[in-house]
């Protein structure tokens, strides 16, 4: 089906009003959850084919999180969709004021390749919960997952309601030429700018989930072994191809050597001394990204790793030490299994370093000091993060997830997803049994006096 005709069919379906019915939305979400469960094995096979993800990691980071999010939406959508009464100012007596959540209409969800299942269906589920029609455009770099996504969506929904458009650059271009009511994009900063530019032509609101260089800070009072363990998990999950992965690490100079030793220990324990023999260790998505990440390692002081296996597109978990701030590996988001380690003497040095650069999507701090935790949280701007852990802040439907500045705009997960794909329509229902004359001409000193009392 031609893309412009698909968009029009969805617009026509939306205008029937069916998607505005709360029961219809909940039933749709349940159908989506049931269909995902039906094809769970095939989803796992697809993630293995595209990224060499294990069944465990695929469920933990994609299928399980997606199902959890959908179930949360099913549980709460009815409450969120009720009109919310708010206080009416005295000056508007006698009236009732309330807010109605209105779907935008037809939404476009553009997803990336690194978590191709979750990052397609979690925002799409939010669009469905809010009462929209939705077109999902998965990444061409994850073709197996794209195919199973299409299979699931086609079985669960008619195309005029929810559809998947496969393809690459040509299809992306065609989609962005259409007039959507909302666009939700997850991906790189450069493509995010293009999406925003195209959306601006139609004044289409957008959510941009981008990335950037997310710092990790390890204070001298941190529990070093545990910090290293949790950092290794967050950094090398999905072979470092995670938008909120710790991109680089600042370690207090007094504990640098000890901490690096713990990093090596936990890499060996979790992934093994022979990572390419580990059946659960993911690969880089393609040769282009494989070569780019290996290129960032050249000339650096490698502690462990530093090599790759082109046949399988795998790069060994790599730790770099004594990295200069102006090194190539510090100039772009790594998006691979490479961790540069820098040192500092005073936490103020780290604050200046982070503040002088684009706002990151995430920040992680390991410390035993509540004062330090409060200081960093207050003084630095970032999308979200963790104290004494990494990446888990996004794995909850109770909090929104999103970036700030160059790392994105907007937020989703749970209620935030519902709100993202809804317009909060403010309504004042004014009574007709009385009509205060104060606002009408002719204006008098007496009316002005009353007005000032009302508006105190």
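No lab work stands behind these numbers, since they all come straight from the coordinates. Keep in mind that what you see is a predicted model, and the values were worked out from it rather than measured. Methodologically, a virtual Cβ is constructed for each residue, glycine included, from the backbone with ideal geometry; neighbour enumeration extends over all protein chains shown.
Measuring between their Cα centroids, region 221-240 and region 263-339 lie 15 Å from each other. Shape class of region 88-183 from the alpha-carbon gyration tensor: prolate, with a/c at 1.5 or above and a/b greater than b/c.
Computed on the Cα atoms alone, the convex hull of region 234-293 gives a volume of 107 cubic angstrom per residue.
Past the 18 angstrom mark, what percentage of all C-alpha to C-alpha distances in region 91-246 do you count? Cα-Cα pairs of region 91-246 separated by over 18 Å account for 65 percent. Just to confirm the number: angle between the C-alpha axis of helix 189-200 and the first principal axis of the chain, 0 to 90 degrees, nearest 10? So the inclination is approximately 20 degrees. The angle between the Cα long axis of helix 256-270 and the longest principal axis of the Cα atoms of the chain comes to about 90 degrees, rounded to the nearest 10. Computed per residue of the chain from DSSP H runs no shorter than four, each worth -39500 (n - 2.57), the mean residue ellipticity at 222 nm is -12500 deg cm²/dmol.
Between 0 and 90 degrees, the angle of helix 224-236 with respect to the longest Cα principal axis of the chain falls at about 70 degrees. Sorting the segments 433-444, 266-277, 149-160, 335-346 by their residues' average number of neighbouring beta-carbon atoms within 10 angstrom, most packed first, yields 335-346, 149-160, 266-277, 433-444. Put simply, when 180-191, 385-396 are sorted by average Cβ atoms within 10 angstrom per residue, most first, you get 180-191, 385-396. Projecting the alpha carbon convex hull of region 215-394 along each direction and taking the average yields 9.3 nm².
A simple packing score, the average count of other Cβ atoms within 10 Å per residue, orders the peptides 413-419, 129-135, 311-317, 300-306 as 129-135, 413-419, 311-317, 300-306, with the highest score first.
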